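Right, I'll just put the structure down here and ask away after.
The values are calculated or read from the model by the stated rules, or taken from the named source; none is laboratory data. All figures in this text were calculated on a predicted structure; none of them were measured in a lab. Heads up, the Cβs are rebuilt from the backbone with ideal geometry, glycines too, and the neighbour counts pull from every protein chain shown.
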Amino acid sequence: MFRIRKIYDCTLWVNQRAVTQVQTILRNQFPDLSAKKIDKIPDQLRNPLKHRFKTVLLVAEDSFGSVRGFALLSYAPDLNFCYLDYIATQKERSGGGIGGALYERVRLETLSLNCIGLFFELLPDDPTLCRNPVTLKQNKARVRFYERYGARPIVNTRYETPLSPLDDNPPYLVFDPLGRDVLLGRDTARKIVRAILERKYADECPLDYVQMVVDSFMDDPVKIREPRYYREESVIPVHALIHDDEKIFLVVNEKHELHHVRARGYVESPVRVGTILAEIERTELFHRAVSRAFSENYIKQVHDNRFIDYLKKLADTLPSDKSVYPYVFPIRNAARPPRELAVRAGYFCIDTFTPISRVTYLAAKGAVDCALTAAFEILRGRRIAYALVRPPGHHAEYRTFGGFCYFNSAAVAAQYLSVHGRVAMLDVDFHHGNGQQDIFFSRSDVLTISIHGHPNFAYPYFSGFRDEIGERNGEGYNINYPLAEDIDSHVYREMLEKALKQIARFRPEFLIVLLGLDTARGDPTGSWNLRARDFERNGEIIGELDLPTLVVQEGGYSTRVLGSNARHFFQGLWKGAFGR
């Protein structure tokens, strides 16, 4: 078994390892290929403008993360075509459908870019161009393989002209129209051929040779060789599927239902998760997985150990039908907590409506495990992951809980990812993300941004002002956008676009979106008026940042529109990330 995934950059260690294995396969399979071409692959991924092509690297990996094969594709947005540089497998791993699966994925990538078509070179199946019978047999097998997909050589040109009269086996230029009835115009073909020869073979092809080949494209439209091995009606079409590595990795806190506060008017209820899940699973965008269990030590990296221990200790003393609500707060002497555990709740809490029950720790720990599971998948190369959790977490600070929140799941995930690179946290909940602000306030490796209702009227009231910009090393790395009580979608999007520009300037390796859907029209805890189309567009422009993105669920309490708004957000996020 193998999976195919797209390598976007060399930032992650898992991608660095994959690229190294790709380079090894190239050296083994193409011993005549220059070391310079092999060594520049990481730079091609990092600096597409420098090489005048955007490089797309697809790898087929087994369950141990070993690269069994790969495809290297070059996309020229200025001329709107793709050029397939290589498809190769490990020598000892040939067969098994890897080559076919990679080529089908290459075709889908090209189609998703709305390209004219896919071009590549194949060694000739013509005995007048290939004198070695063993090589000729191999060439015929390759040409036959690609013709099955409708990819055939362009004819009536001098593309096959050897650079030296003594050279044997000059390549065809092959065109794959991707199953469409495409006529390739002469002028377009000439521009594409010039780009291939000048950008790919600048060190090998003299200018007069390039001009000769370009001028030889006389037919308009360009002629494609008649099928030699298959009838046209048997051509394999492009299957416009969403491949698994492009799906949003979804992990749901299965323990969330343990935490069910049945008090009248308590809006943070289990039905929220079911409502979202029912809507997003209508799409084909998600790959659902099971949460892993992580050590409590990850929580202790962002929360006070005394608070964590208290939450567990109190839970152990409570009967199943009783909850403790904070009601005494240590304004005068925070250094000496009350002896009685129930009274001590206020020592760690910021409000009177976030109760602790026997199962609170389990539910909150389950939410953290989901966020860490999703973060781990991001480190494995997944582009988007979603932790659908409750209780929420963005109001949980280093040593306090509140606002329905106990552990800050997104902050734990940010700390986990920060070991591997800089992290930007974008909180789009209606209420200020005071939790991650407090936790990362003096750090410069985690950028925290919150767009929220102004604390003059919105919970938590005491934080979220513009002048809270961080301190010491973190000065300038905490950004708040407090907005008026009654705003429209245009004002909101204007602030969101400002926030995204700040993130782009920060140049993070990872993005965490704290997804509050309580910005919706009619939400019982908010006063804004965002609709489904707004969530979709907002998701799209976030996706266009083109960053590995972890989404952690926060607020959103109008179950009438909650699921629909979540679905539209992820449809937009996926479209922005993958461009289709």
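Among the residues of the stretch 449-465, is any farther than 18 Å from GLY555 by Cβ, under 29 Å from the mean Cα position of the chain (by Cα), assigned by TED's automatic domain parsing to the domain that holds PHE570 and surrounded by fewer than 23 Cβ atoms within 10 Å (Cβ to Cβ)?
No, the stretch 449-465 contains no residue that is farther than 18 Å from GLY555 by Cβ, under 29 Å from the mean Cα position of the chain (by Cα), assigned by TED's automatic domain parsing to the domain that holds PHE570 and surrounded by fewer than 23 Cβ atoms within 10 Å (Cβ to Cβ).
Does the stretch 147-160 hold any residues that are outside any loop (DSSP other than H, G, I, E, B) and more than 21 Å from TYR201 (Cβ to Cβ), and which are they? Break it down into steps so the answer makes sense when it comes.
Step one: of the stretch 147-160, the residues outside any loop (DSSP other than H, G, I, E, B) are 147, 152-154.
Of everything in the stretch 147-160, those that are outside any loop (DSSP other than H, G, I, E, B) and more than 21 Å from TYR201 (Cβ to Cβ) turn out to be GLU147, ARG152.
Within the stretch 192-205, how many residues are surrounded by fewer than 18 Cβ atoms within 10 Å (Cβ to Cβ) and in contact (Cβ under 8 Å) with a residue 40 or more places away in the chain?
Of all residues in the stretch 192-205, those surrounded by fewer than 18 Cβ atoms within 10 Å (Cβ to Cβ) come to 194, 198-199, 201-205.
Subset that is in contact (Cβ under 8 Å) with a residue 40 or more places away in the chain: 199, 204-205.
The number of residues fulfilling the criteria is 3.
Only residues that are more than 22 Å from ALA385 (Cα to Cα), hydrophobic (A, V, I, L, M, F, W, C) and surrounded by 24 or more Cβ atoms within 10 Å (Cβ to Cβ): list them for the stretch 517-558, please.
ALA520, LEU530
Answer with yes or no whether SER444 is assigned by TED's automatic domain parsing to the domain that holds LEU511, farther than 22 Å from ALA364 by Cα and surrounded by fewer than 24 Cβ atoms within 10 Å (Cβ to Cβ).
Details: assigned by TED's automatic domain parsing to the domain that holds LEU511: yes; farther than 22 Å from ALA364 by Cα: yes; surrounded by fewer than 24 Cβ atoms within 10 Å (Cβ to Cβ): yes.
Spelling it out, SER444 is indeed assigned by TED's automatic domain parsing to the domain that holds LEU511, farther than 22 Å from ALA364 by Cα and surrounded by fewer than 24 Cβ atoms within 10 Å (Cβ to Cβ).
Going through the stretch 219-235 one residue at a time, which ones are within 14 Å of ALA151 (Cβ to Cβ), not in a loop (DSSP other than H, G, I, E, B) and not aliphatic (A, V, I, L, M)?
GLU232, SER234
When you look at LEU573, is it farther than 25 Å from PHE465 by Cα, assigned by TED's automatic domain parsing to the domain that holds GLY381 and aliphatic (A, V, I, L, M), yes or no? Before you say what the answer is, go through the steps one by one.
Values: farther than 25 Å from PHE465 by Cα: yes; assigned by TED's automatic domain parsing to the domain that holds GLY381: yes; aliphatic (A, V, I, L, M): yes.
Yes; evaluated as a whole, the condition is true for this residue.
Can you tell me how many residues within the stretch 331-354 are assigned to a loop (DSSP other than H, G, I, E, B) and either modelled with pLDDT under 75 or loosely packed, with under 15 Cβ neighbours inside 10 Å (or both)? Before you say what the answer is, go through the steps one by one.
Here is the first cut: in the stretch 331-354, the residues assigned to a loop (DSSP other than H, G, I, E, B) are 331-340, 348, 350-354.
Right, trim to either modelled with pLDDT under 75 or loosely packed, with under 15 Cβ neighbours inside 10 Å (or both) and you get 331-340, 352.
Count: 11.
Also, I was wondering about something else. Cβ-Cβ under 7 Å, sequence separation 6+ or interchain: first residue in the stretch 564-580 and at positive phi and modelled with pLDDT under 95, partner surrounded by fewer than 23 Cβ atoms within 10 Å (Cβ to Cβ) and of a type in the set (Ser, Thr, Tyr). Which pairs?
GLY579/SER112
State all residues of the stretch 386-403 that are basic (Lys, Arg) and buried (at least 24 other Cβ atoms within 10 Å of the Cβ); if no residue qualifies, say none.
Initial filter on the stretch 386-403 (basic (Lys, Arg)): 390, 399.
Of everything in the stretch 386-403, just one residue is basic (Lys, Arg) and buried (at least 24 other Cβ atoms within 10 Å of the Cβ), namely ARG390.
Exactly one condition in (1) free of Cβ contacts under 8 Å to residues at least 60 places away in the same chain; (2) under 24 Å from GLU233 (Cβ atoms) is false for GLY117; which is it?
Failing condition for GLY117: (1).
Another question about this same structure. Residues that are polar (S, T, N, Q) and out of contact with any Lys or Arg (no Cβ under 9 Å at 6 or more places or on another chain): list the helices (runs of 4 or more DSSP H) wholly contained in the stretch 1-120 that include at least 2 such residues. Walk me through it before giving the result.
Numbers: elements: 13-29, 35-39, 41-46, 48-51, 98-112.
Where helices (runs of 4 or more DSSP H) fall fully within the stretch 1-120 and carry at least 2 residues being polar (S, T, N, Q) and out of contact with any Lys or Arg (no Cβ under 9 Å at 6 or more places or on another chain), they are 13-29.
Answer yes or no: is there a residue in the stretch 463-475 that is under 23 Å from ALA413 (Cα atoms), among the aliphatic types (A, V, I, L, M) and in a loop (DSSP other than H, G, I, E, B).
yes
Another one. Within the stretch 298-314, identify whether any single residue is surrounded by 16 or more Cβ atoms within 10 Å (Cβ to Cβ) and over 20 Å from VAL368 (Cα atoms), and answer yes or no. Even if it seems obvious, please write down each step before you answer.
Keep residues of the stretch 298-314 that are surrounded by 16 or more Cβ atoms within 10 Å (Cβ to Cβ), which gives 298-299, 302-303, 307-308, 310-311, 314.
Now narrow it down to the ones that are over 20 Å from VAL368 (Cα atoms): none.
No: the stretch 298-314 contains no residue that is surrounded by 16 or more Cβ atoms within 10 Å (Cβ to Cβ) and over 20 Å from VAL368 (Cα atoms).
Also, I was wondering about something else. Can you pull out every residue in the stretch 274-297 that is part of a loop (DSSP other than H, G, I, E, B), aliphatic (A, V, I, L, M) and crowded, with 18+ Cβ neighbours inside 10 Å?
Answer for the stretch 274-297, where residues must be part of a loop (DSSP other than H, G, I, E, B), aliphatic (A, V, I, L, M) and crowded, with 18+ Cβ neighbours inside 10 Å: just LEU285.
Being assigned by TED's automatic domain parsing to the domain that holds LYS37, out of contact with any strand residue (DSSP E or B) (no Cβ under 7 Å at 6 or more places or on another chain), at pLDDT below 90 and not aliphatic (A, V, I, L, M), is that true of even one residue in the stretch 213-230?
Looking through the stretch 213-230, at least one residue is assigned by TED's automatic domain parsing to the domain that holds LYS37, out of contact with any strand residue (DSSP E or B) (no Cβ under 7 Å at 6 or more places or on another chain), at pLDDT below 90 and not aliphatic (A, V, I, L, M).
Return the residues of the stretch 239-273 that are within 30 Å of the chain's Cα centre (by Cα), buried (at least 20 other Cβ atoms within 10 Å of the Cβ) and part of a loop (DSSP other than H, G, I, E, B); say none if nothing qualifies.
ASN253, GLU268
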